[in-house]
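Only one structure is covered here, and it is reproduced in the block below.
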Amino acid sequence: MATNEAWPAQLGPVICVVGARPNFMKMAPILRAFATHRPSLPTLLVHTGQHYDRDMNDRLFDDLRLPHPDINLEVGSGTHALQTAEVMRRFEPVLDAQQPSCVLVVGDVNSTLACTLVCAKKAVPVVHVEAGLRSYDRAMPEEINRVLTDQIADRLYTTERSAHANLAREGVAEERVCFVGNVMIDSLLSNRESAHSAAKTLQMAGFDPAVVDDPRGYGVVTLHRPSNVDREENLAPLLAVLREVSDQVPLIFALHPRTRANIDRFSLGELLASERIVLLPPQGYLEMLGLLAGAKLVLSDSGGLQEETTALGVPCLTIRENTERPITVEQGTNTLVGCDPCAIRIGVNEILAGAGKTGRVPEFWDGRAAERIAADLFQWLIAHHAQRSR
Ligand code: UD1
């Protein structure tokens with residue numbers, strides 16, 4: 001959206017924070033929209049370094065055409081407390097040096113909350129993209145990150161209308177909240193054409209691409225939630241049911257480093273030793289998009305995949321008891337099956353029998369969410385800083 005106003009000289013840049021894989025697909029369209037908005041919004045990209053290796057980080061930066069971060073805090077892995085504390089410690093001097101007009105955080109990872117907390121104590125406005133989602137499950141670290149970030153944030157952008165009721169319940173004033181749609185779907189739509197085919201991805205990884213020619217199609221699997229993969233008694237039955245499912249439909253399983261490490265630690269590799277289960281490392285964005293788009297079904301505990309499968313019209317069985325993204329169940333292709341092997345089997349059978357959900361694409365998941373954020377944030381920052389300097 002073009003306005004006649006210029007970016008005020010006294011306003012600092014918008015610091016945009018990314019930390020972990022699910023942040024990257026949200027931030028890419030935002031940075032592009034800020035650059036193309038007239039006037040453009042100056043940005044500074046800060047990477048906390050929560051995810052750092054080639055599979056979890058570099059490939060996604062390349063695929064999403066994200067610019068090289070201006071600053072990398074290089075915190076790496078650690079316990080939640082250590083990771084959060086280290087991001088805070090390293091982010092504070094960045095705020096002091098840059099004097100930003102605001103800090104924009106996305107999603108619900110530890111870096112999201114850590115940077116928000118630093119801003120709160122320094123009176124720097126926080127903008128939260130993907131605000132108001134709630135699983136109402138406080139055992140999920142992400143739920144704590146969401147609730148606390150939203151309490152502190154000054155401007156909150158939502159992906160679905162249910163988020164507004166959640167925020168109202170927690171006393172967040174309505175005028176702080178703005179419904180813009182889903183920036184992750186902006187990324188999906190703008191990269192759909194360049195996604196790699198499943199056959200190419202398998203071939204590049206050294207597997208026989210014929211696996212995806214099965215007449216019943218193929219399934220895609222991801223698992224990484226601590227509640228599913230950190231304890232042998234939870235992980236083993238899940239892997240066993242995946243093995244059963246693979247007799248019906250071949251599976252491509254993109255293994256998160258946490259899951260791979262736990263499979264090794266509990267010596268569960270045998271459960272997955274089948275020609276009909278392809279184990280891949282974490283995938284690049286264009287590979288994953290192609291795998292999902294061509295899949296017959298998806299089995300996952302990821303937050304993002306629930307939304308991406310809904311946008312693609314591919315049935316998704318979510319291996320969790322709850323979701324913070326209810327619109328994917330109500331309108332989209334998502335079904336919560338929990339971690340009960342029986343429910344998983346029933347869900348798979350329904351989909352293979354052609355009775356899977358087809359769903360519809362939710363309101364404002366139209367590829368223009370980041371544009372709406374840029375337009376609103378520009379006006380909001382001008383008004384916010386004018387009020388402050390009075
Ligand atoms: C984090 C997010 C989660 C998100 C997920 C996607 C929080 C609380 N959780 O969980 O919301 O869905 O990312 O991946 O912020 N590791 C690597 N390479 C890396 C990064 C991590 O090998 O580049 C390994 C480390 O051994 C680490 C483990 O993966 O201990 C887990 O990483 P971590 O960032 O702690 O949490 P995730 O489980 O990835």
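The values are calculated or read from the model by the stated rules, or taken from the named source; none is laboratory data. Predicted model, so just to flag it, every value in this text is computed and none were measured. Note that each Cβ is placed from the backbone with ideal geometry, even for glycine, and that neighbours are counted across all protein chains shown. Side chains included, ligands, DNA and RNA excluded: accessible areas come from the protein's heavy atoms. Shrake-Rupley method; radii C 1.70, N 1.55, O 1.52, S 1.80 Å.
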Take the residues in segment 247-300 that are open to solvent by less than 30 Å² (accessible area, probe 1.4 Å) and among the hydroxyl-bearing types (Ser, Thr, Tyr); name whichever of them is nearest to the ligand (Cβ to nearest atom). THR259
Any residue in segment 171-199 that is in contact (Cβ under 8 Å) with a residue 12 or more places away in the chain and at positive phi sitting within a Cβ distance under 8 Å of a residue that is open to solvent by less than 60 Å² (accessible area, probe 1.4 Å) and among the aliphatic types (A, V, I, L, M)? List the pairs, counting only those 6 or more apart or interchain. GLY181/ALA369
Do we have CYS339 as assigned by TED's automatic domain parsing to the domain that holds PHE253, in contact (Cβ under 8 Å) with a residue 24 or more places away in the chain and touching a helix residue (DSSP H, G or I) at 6+ places or on another chain (Cβ under 9 Å) here? yes
What's the number of the only condition in (1) without any contact (Cβ under 8 Å) to a residue 40 or more places away in the chain; (2) out of contact with any Ser or Thr (no Cβ under 6 Å at 6 or more places or on another chain) that LEU73 fails to meet? (2)
Test: residue in segment 148-158 that is over 24 Å from LEU45 (Cβ atoms), at pLDDT 95 or above and open to solvent by 10 Å² or more (accessible area, probe 1.4 Å): yes
If you take the residues in segment 14-50 that are open to solvent by 30 Å² or more (accessible area, probe 1.4 Å) and more than 13 Å from the chain's Cα centre (by Cα), which one is farthest from the ligand (Cβ to nearest atom)? ARG38
Filter pass, ALA114 being in the same structural domain as PHE91 (by TED's automatic domain parsing) and on the phi > 0 side of the Ramachandran plot: no
By my count, helices (runs of 4 or more DSSP H) wholly in segment 190-305 with at least 1 residues that are under 30 Å from THR79 (Cβ atoms) are 226-229, 232-248, 257-265, 285-293
Could you tell me which of the residues ARG90, ARG65, ARG138, ARG134 is within 24 Å of LEU188 (Cβ to Cβ), free of Cβ contacts under 8 Å to residues at least 60 places away in the same chain and more than 10 Å from the ligand (Cβ to nearest atom)? ARG65
If a residue has to be surrounded by 15 or more Cβ atoms within 10 Å (Cβ to Cβ) and farther than 17 Å from THR112 by Cα to count, how many in segment 57-66 make the cut? 6
Quick test of your reading of the structure: SER77 fulfils all but one of (1) more than 11 Å from the ligand (Cβ to nearest atom); (2) surrounded by fewer than 16 Cβ atoms within 10 Å (Cβ to Cβ); (3) of a type in the set (Gly, Ala, Ser). Name the failing condition by number. (1)
Please work out which residue is farthest from the chain's Cα centre (by Cα), limiting yourself to segment 346-390 and to residues that are open to solvent by less than 30 Å² (accessible area, probe 1.4 Å) and over 25 Å from GLU160 (Cα atoms). LEU352
State all residues of segment 340-372 that are of a type in the set (D, E, K, R) and at pLDDT 95 or above; if no residue qualifies, say none. ARG345, GLU350, LYS357, ARG360, GLU363, ASP366, ARG368, GLU371, ARG372
Subset of segment 154-170 that is free of Cβ contacts under 8 Å to residues at least 60 places away in the same chain and in a helix (DSSP H, G or I) - its residue that is nearest to LEU280 (Cα to Cα): ALA163
